[in-house]
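The values are calculated or read from the model by the stated rules, or taken from the named source; none is laboratory data. Every value quoted in this text rests on a predicted model; they were computed, and no experiment measured them. All Cβ positions, even for glycine, are placed from backbone atoms using ideal geometry, and neighbour counts span all protein chains on display. In case anyone asks, the SASA skips ligands and DNA or RNA and just uses the protein heavy atoms, side chains included. Shrake-Rupley method; radii C 1.70, N 1.55, O 1.52, S 1.80 Å.
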Amino acid sequence: MMEILLNVIIWILLGAGSFFYVVGALGLLRMPDVFTRMHATSVSDTFGALLLLVAMILQAGLSLVTFKLAITLAIILYTGPVATHALARAARHADIEPMLENDDNKEGA
């Protein structure tokens, strides 16, 4: 019974992680500018990786593979936001401005 419950939890985590990756890909295609695209993909990809790796950790049990997956998770959780921040700074350095809702009103003011 416990093994069936564990498998159900693993499948739920795998499905949820895959869902977040698909949402991040759709956000990359649908968002209007580079900053919102980065936000959509970085948040959903980091959370998707978290869910997928937790599912793999549960599937692996207590072993060396679990340790390797935990190290991989820590690296992804650290480098994902740092890389997104570096990309956003590079975009600002290249004088790419974020699209704001009030951009139409600036011309008349």
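The mean accessible area for residues of the chain, using a 1.4 Å probe and ignoring ligands and nucleic acids, is 74 Å² per residue. Put simply, when 26-34, 47-55 are sorted by average Cβ atoms within 10 angstrom per residue, most first, you get 47-55, 26-34. If a/c stays under 1.5 just call it rounded; otherwise compare a/b with b/c (prolate if a/b is bigger, oblate if not). Do that for segment 8-58, with a ≥ b ≥ c from the square roots of the Cα gyration tensor eigenvalues. The shape class here is prolate. Multiplying the residue separation of Leu5 and Phe19 by 0.36 nm and subtracting their alpha-carbon distance yields 2.9 nm. All other residues with a Cβ under 12 Å from the Cβ of Gly24 taken together, and with Lys, Arg as +1 and Asp, Glu as -1, what is their net charge? My count for the surroundings of Gly24 gives +1.
Between 0 and 90 degrees, the angle of helix 64-93 with respect to the longest Cα principal axis of the chain falls at about 0 degrees.
Over the chain, Cα pairs under 8 Å with separation of 6+ residues give a relative contact order of 28 percent.
Extension gain for Lys68 to Asp33 (0.36 nm times residue separation, less C-alpha to C-alpha distance): 9.0 nm.
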